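Derivation of every value follows stated rules applied to the coordinates shown; laboratory data play no part. What you see is a predicted model, and the numbers here were worked out from it, not measured in a lab. Using ideal geometry, Cβ is built from the backbone for each residue, glycine included, and neighbour counts are taken over all protein chains shown.
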Amino acid sequence: MDRSRIPDQVLVAGASGETGQELLSVLRPTELSVRATTRSYANVDMLERHGADDVIVADFFESADAVAAVVDCDIVYCTLGTPPGVRHTIGTRLVDRTGVINLITAAVGSGVSYFVLESAIGVGTSKAGLSLPARLLIRGTLSAKHDAETALRRSGLDYTIVRPGRLTNDPPSDTVVVNEGGGSVSGSIPRADVAQVMAASPFTPDARNRTLEIVSRDGMTSEPPNHVDIDWADDRLTASREHRHI
């Protein structure tokens, strides 16, 4: 991403999910133009109330919908995920794979500058951070997210992959612990913290082209084996607003 250029429009894919809504709340005070996607027309008014400037009803299993969603966007925040159900185990028709890969492909074709992907602890090198019974229960989803991560790393896009622990609806803790390289870090984290990390990632040089596992300090159940310090550039979200007024 060209750091000298202030991004103008961002996409929140999967905005009607709980993490997506939190992300809209984080982005709302900025003057970034925020486009949100949902699969249902019933969610459009709700997403506009959460701060979306533009809402597109899209099915990311359709590559044409992915192409339409990313038009003119500088940054893509991807929070796509499969609702609870048996598909998490059997891995059939998961947006975590097909939809995300369609979105990555569209982002490459559209010249998107940065892609932030919400994945999960338990994927790839972080599998030890999730118990074996839990891994077996959602093995289909973990495999799909692994494939999506791989596609993003190979895409040529600048990216941050965020692997949160168990998601909660607790208030933001503001004490995010970051691990890199997998291992046995485990625990929980409020969705509000995940949203803050995702929002700041494109503006944080230390987060560029990295895969990071995150839990909250209070929710952590094991010490991170590969702890890293990230100076999250939350102020850059404010800075973008200030520059837009010049």
* Estimate the FRET efficiency between residue 209 and residue 28 by the formula 1/(1 + (r/R0)^6), using the beta-carbon distance for r and 30 Å for R0, to the nearest 0.05. => 0.65
* Structure fact -> Simple spin-label estimate for residue 108/residue 150, 7 Å along Cα→Cβ, in nm, reads 1.4
* Tell me, what is the FRET efficiency for residue 125 and residue 89 to the nearest 0.05, using R0 = 30 angstrom and their Cβ-Cβ distance as r? -> 0.85
* q = 0.09, 0.12, 0.13, 0.17 Å⁻¹: log10 I(q)/I(0) that the Debye formula gives for region 9-244, counting C-alpha atoms only -> -0.33, -0.60, -0.71, -1.30
* Shape call, region 10-84: gyration tensor on alpha carbons, a/c limit 1.5 -> oblate
* Taking trypsin sites (Lys or Arg not before Pro) as candidate sites, keep only those in a DSSP loop with at most 16 other Cβ atoms within 10 Å, then name the longest stretch of the chain containing none of them. => 94-207
* Asked: Once you list every other residue whose beta carbon is under 14 Å from the beta carbon of residue 189, what net charge do they have if Lys and Arg are +1 and Asp and Glu are -1?
  -> -4
* **Residue-averaged 222 nm ellipticity for the chain, from DSSP H runs of 4+ at -39500 (n - 2.57), nearest 500** => -9500 deg cm²/dmol
